[in-house]
Amino acid sequence: MQITQNYQDLSLYRNPSHQTSQSQEQTKTFGEYLGMVVPTEEKLTQWESESQNKQEDSTPTLDRGTRALALAAKFANDIEKAMKAQGISDVSKLDKAIFNQVRRESSLESSPEKIQDLLDETIFALQNDRVQSGHLSNGAFESQAQFEARKTKTIDILSEILQGIKA
């Protein structure tokens with residue numbers, strides 16, 4: 001299943017290497033798997049060099065709707081981790097600096113083992129209704145059936161990404 005992202009044609013945001021070696025594939029960060037772009041100087045240099053060898057990436061990608069759900073699940077997980085790090089149970093007392101540090105660290109994670117754990121956590125959050133239905137980008141509310149279909153699609157894509165990393 002290949003789903004394209006709106007910005008995938010932009011070489012800066014694309015991993016164009018289809019026949020990527022195992023070591024290059026392991027350099028993807030968790031944020032990149034979810035379609036987030038948190039560029040570092042190293043990543044910008046890597047993307048520029050990879051853009052010269054443009055080929056199709058076989059890694060499944062999240063479209064806008066499924067990416068929003070995956071990011072919402074990641075956000076919920078990051079809040080929970082930041083609360084644990086701070087030793088609190090009331091989200092209103094969450095220190096923004098600690099939360100931002102947790103978000104950044106998980107987004108830039110590139111260890112395959114850690115990415116597997118983060119994908120497992122994201123899938124778990126979606127399966128256990130930690131993310132609720134809401135309005136779509138056009139302002140319209142989606143039905144519960146539409147939300148469930150989008151959630152199932154997101155879980156399937158994340159599971160496919162996870163299996164690709166494990167292989």
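The values are calculated or read from the model by the stated rules, or taken from the named source; none is laboratory data. All of these numbers come straight from a predicted model, not from anything done at the bench. The protein model used for the area step is the full one, side chains on, heavy atoms only, and it has no ligands, DNA or RNA in it. Shrake-Rupley method; radii C 1.70, N 1.55, O 1.52, S 1.80 Å.
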### Query
Residues with amide H under 5 Å of E109's amide H, sequence separation 5 or more or different chain, H placed in the peptide plane at 1.01 Å from N; which?
F30, G31
### Query
In sequence order, what are the phi-derived ³J(HN,Hα) couplings for segment 83-90 according to the Karplus relation 6.51 cos²θ - 1.76 cosθ + 1.60 with θ = phi - 60°, rounded to whole Hz, with x for glycine and proline?
5, 5, 4, 7, x, 10, 10, 9
#### Entry: Other-chain or far-sequence residues with amide H under 5 Å of E142's (modelled H)
G134, L136
### With all protein chains modelled, accessible area of R103 [1.4 Å, Å²]
90 Å²
### Cα-based equivalent ellipsoid of segment 77-129: semi-axis lengths in Å, sorted from largest, via gyration tensor
21, 15, 8
## Note on the structure
Descending accessible area (1.4 Å probe), largest on the left, turns F30, F75 into F75, F30
### Task
Enter the accessible area per residue of segment 92-136 (Å², integer; probe 1.4 Å; all protein chains in place).
61 Å²
### Query
Using θ = phi - 60° and the Karplus curve 6.51 cos²θ - 1.76 cosθ + 1.60, what whole-Hz ³J(HN,Hα) does each residue of segment 122-133 get, with Gly and Pro shown as x?
5, 5, 4, 4, 5, 5, 9, 6, 7, 10, 10, 5
### Task
When a/c is below 1.5 the answer is rounded, else prolate if a/b is larger than b/c, else oblate, so apply that to segment 82-167 with a ≥ b ≥ c taken from the square roots of the Cα gyration tensor eigenvalues.
oblate
### Message
Could you derive backbone 3J(HN,Hα) for segment 154-161 from the dihedral phi with the Karplus parameters 6.51, -1.76 and 1.60 (θ = phi - 60°), listing whole Hz in sequence and x where the residue is Gly or Pro?
### Response
5, 4, 4, 5, 4, 5, 5, 4
